[in-house]
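Notes follow the structure.
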Amino acid sequence: MFRMFWQILAVYLAAVNLAAFAAFGIDKWKAVRQRWRIPEATLLGLALAGGALGGLAGMRLFHHKTRKARFFVGLPVMLALHLCILGALLFLPRQ
């Protein structure tokens, strides 16, 4: 049971990080072409839902949202929070 939890968590985190990375890339592409954009709340929501690493990678690779404090401060803080939660899940005693 415990092993299945980690497998499901790994698949979820991979999917949400890929979605966040793609969303940053798509939003940058749309920004350059002056088209309808992905709302900032959606980008931050994906990061908060576990996609902070993908969002941070997308932000750096696509040079997108790098001047907005919500992103250049918020995404690393979310990533640190996610790592703390993962660490707690790994090292807390199992029942």
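The values are calculated or read from the model by the stated rules, or taken from the named source; none is laboratory data. Since the structure is predicted, the reported quantities are computational estimates derived from the model, not experimental observations. Note that each Cβ is placed from the backbone with ideal geometry, even for glycine, and that neighbours are counted across all protein chains shown. Quick note on the areas: whole protein, heavy atoms, side chains included, nothing else; ligands and nucleic acids left out. Shrake-Rupley method; radii C 1.70, N 1.55, O 1.52, S 1.80 Å.
Among the residues of the stretch 13-30 satisfying the criterion of being within 15 Å of K68 (Cβ to Cβ) and more than 13 Å from the chain's Cα centre (by Cα), which is surrounded by the fewest Cβ atoms within 10 Å (Cβ to Cβ)? Checked the stretch 13-30; the qualifying residue surrounded by the fewest Cβ atoms within 10 Å (Cβ to Cβ) is K28. Residues that are on the phi > 0 side of the Ramachandran plot, open to solvent by 100 Å² or more (accessible area, probe 1.4 Å) and out of contact with any Lys or Arg (no Cβ under 7 Å at 6 or more places or on another chain): does the stretch 53-66 have at least one? Yes, the conditions are met somewhere in the stretch 53-66. Is it true that some residue in the stretch 38-51 is loosely packed, with under 11 Cβ neighbours inside 10 Å and part of a helix (DSSP H, G or I)? Among the residues of the stretch 38-51, at least one is loosely packed, with under 11 Cβ neighbours inside 10 Å and part of a helix (DSSP H, G or I), which makes the answer yes. State yes or no: is R70 open to solvent by 60 Å² or more (accessible area, probe 1.4 Å) and touching a residue at least 24 places away in the same chain (Cβ under 8 Å)? The answer is yes for R70.
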